[in-house]
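Colleague: Structure in structure tokens, see below.
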Amino acid sequence: MFASLNNGFSRLSDHPDFAKLLLRLTFGILMLFHGAFKLQHGVGWIGGLLAQHGLPAFIAYGAYIGEIVTPLMILIGFMTRPAALIYAVNLVVATLLVHTADFFTRTQVGAWKLETEALYFMGGIIIMLLGAGRYVLVSNPRLQ
């Protein structure tokens with residue numbers, strides 16, 4: 001009985017390409033909120049953080065790539081795998097610049113303080129590994 005219920009549920013819910021689309025939409029849209037903030041307020045404060053680490057401030061403009069360009073590429077399915085890798089690397093850089101002291105810190109409710117950053121990072125890695133799926137605006141599979 002349980003096997004037949006499980007098989008029936010599996011047939012109804014087996015939509016990997018739609019799942020890939022939902023994953024891309026979720027992480028692409030959520031990261032665009034961060035990108036919109038950068039468009040409104042600039043990246044000068046990131047340049048200051050980079051300068052404190054002895055890095056050139058112009059690298060801060062990479063936030064526009066990681067938080068606007070790559071999420072848009074992920075959303076439309078254009079060069080999804082490389083875009084997702086850049087997305088994930090952007091998260092690593094942002095975390096190292098802003099949250100290095102939080103690696104071994106928990107919140108007041110016991111959660112890891114970097115769980116949001118880890119979720120975004122892993123979302124990028126998972127999208128990179130899965131690819132765009134069938135539902136894309138770019139139909140050339142070699143570009144996905």
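The values are calculated or read from the model by the stated rules, or taken from the named source; none is laboratory data. Nothing here was measured: the structure is a model prediction, and the numbers come from that model. Ideal geometry is used to build each Cβ from the backbone, glycine not excepted, and the neighbour counts take in all protein chains shown.
Colleague: Considering the stretch 56-78 alone, what residues qualify as being in contact (Cβ under 8 Å) with a residue 40 or more places away in the chain, over 12 Å from the mean Cα position of the chain (by Cα) and either in a helix (DSSP H, G or I) or under 13 Å from Val93 (Cα atoms) (or both)?
Modeller: Once the filter is applied, which keeps residues that are in contact (Cβ under 8 Å) with a residue 40 or more places away in the chain, over 12 Å from the mean Cα position of the chain (by Cα) and either in a helix (DSSP H, G or I) or under 13 Å from Val93 (Cα atoms) (or both), the stretch 56-78 yields only Ile76.
Quick grid of which residues meet (1) surrounded by 10 or more Cβ atoms within 10 Å (Cβ to Cβ); (2) assigned to a helix (DSSP H, G or I); (3) out of contact with any Pro (no Cβ under 7 Å at 6 or more places or on another chain); (4) among the small types (Gly, Ala, Ser):
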{"site": "Ser4", "(1), (2), (3), (4)": "no, yes, yes, yes"}
{"site": "Arg11", "(1), (2), (3), (4)": "no, yes, yes, no"}
{"site": "Thr26", "(1), (2), (3), (4)": "yes, yes, yes, no"}
{"site": "Ile29", "(1), (2), (3), (4)": "yes, yes, yes, no"}
{"site": "Leu32", "(1), (2), (3), (4)": "yes, yes, no, no"}
{"site": "Lys38", "(1), (2), (3), (4)": "yes, yes, yes, no"}
{"site": "Gly47", "(1), (2), (3), (4)": "yes, yes, yes, yes"}
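Colleague: Residue check: is Leu97 aliphatic (A, V, I, L, M), under 26 Å from Tyr64 (Cβ atoms), at pLDDT below 95 and not in a loop (DSSP other than H, G, I, E, B)?
Modeller: Numbers: aliphatic (A, V, I, L, M): yes; under 26 Å from Tyr64 (Cβ atoms): yes; at pLDDT below 95: yes; not in a loop (DSSP other than H, G, I, E, B): yes.
Against the criterion (aliphatic (A, V, I, L, M), under 26 Å from Tyr64 (Cβ atoms), at pLDDT below 95 and not in a loop (DSSP other than H, G, I, E, B)), Leu97 qualifies.
Residues checked against (1) over 23 Å from Val136 (Cα atoms); (2) touching a strand residue (DSSP E or B) at 6+ places or on another chain (Cβ under 6 Å); (3) not polar (S, T, N, Q):
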residue	(1), (2), (3)
Thr26	no, no, no
Met31	no, no, yes
Gly48	yes, no, yes
Phe58	yes, no, yes
Phe78	no, no, yes
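Colleague: Just to check your reading of the model, which residue among Gly124, Gly47, Gly133 is small (Gly, Ala, Ser) and over 20 Å from Ala19 (Cα atoms)?
Modeller: Gly47
Colleague: Related question: Being out of contact with any helix residue (DSSP H, G or I) (no Cβ under 9 Å at 6 or more places or on another chain), among the charged types (D, E, K, R) and either surrounded by fewer than 17 Cβ atoms within 10 Å (Cβ to Cβ) or at pLDDT 95 or above (or both) narrows it down to one residue among Arg81, Arg106, Arg134; which is it?
Modeller: Arg106
Colleague: Taking Gln52 and the conditions (1) among the polar types (S, T, N, Q); (2) more than 24 Å from Leu114 (Cβ to Cβ); (3) at pLDDT below 95, which numbered condition does it fall short on, given that it satisfies the others?
Modeller: It is condition (2) that Gln52 fails.
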